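The values are calculated or read from the model by the stated rules, or taken from the named source; none is laboratory data. Since the model is a prediction, treat every value here as computed from it, not as a measurement. Glycine also receives a Cβ, built like all others from the backbone with ideal geometry; neighbour counts cover every protein chain displayed. These area figures cover heavy atoms from the full protein model, side chains too; ligands, DNA and RNA do not enter into them. Shrake-Rupley method; radii C 1.70, N 1.55, O 1.52, S 1.80 Å.
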Amino acid sequence: MESDEEIGRVPEVGLELGGPSTSSRETAAAGAAAGTSSEAQAASAAARRRVRSPADKEHRRLKRLLRNRVSAQQARERKKAYLSELEVRVTDLEKRNSELEERLSTLQNENQMLRQILKNTTVNRRGPSGGSSAGGDSQ
């Protein structure tokens with residue numbers, strides 16, 4: 001298969017380009033630009049680029065289609081890898097979430113038990129009446 005550079009090259013046969021794709025305006029522009037060497041080269045290159053055989057056009061089209069297919073396949077593979085990473089991350093986060101929920105439940109139960117113990121301890125200190133000792137103890 002030819003490289004992109006080889007496809008882009010057109011053999012230098014001459015400045016006259018025949019065929020149905022060359023218009024009189026293009027020929028006039030090429031003739032007017034022949035005043036300086038760089039302009040002549042630019043006009044010559046522009047004229048060469050405009051004239052492509054149907055086989056060359058088809059070849060370029062097929063190359064473009066192939067590049068697009070390869071690019072699309074790579075994009076699908078990247079997407080698949082990304083989704084796999086996301087699935088792993090979801091699994092890890094779900095596991096972490098369940099561990100944290102279990103720890104929360106344990107800590108809530110422990111907190112409730114400690115509050116109950118604290119409540120029982122303060123009631124036992126104050127006595128069975130359960131009232132405040134601000135006015136009753138000092139006789």
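Compute the signed sum of charges (Lys and Arg +1, Asp and Glu -1) over the other residues within less than 13 Å, Cβ to Cβ, of Leu93. Could you put the intermediate results ahead of the total?
Working: positive: Arg89, Lys95, Arg96; negative: Glu85, Glu87, Asp92, Glu94, Glu99, Glu101.
Once positives and negatives cancel, what remains is -3.
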With Lys119 itself left out, Lys, Arg at +1 and Asp, Glu at -1 over residues whose Cβ is under 12 Å from its Cβ give +3
Expected field for Arg69, accessible surface area in Å² at 1.4 Å probe radius, rounded to 10, holds 150
For Lys95, the lysines lying under 30 Å Cα to Cα, once residues fewer than eight places off in the same chain are dropped, come out as Lys79, Lys80
Total charge of the residues flanking Glu77 in space, meaning their Cβ is under 15 Å from its Cβ, with Lys and Arg +1 and Asp and Glu -1, is +4
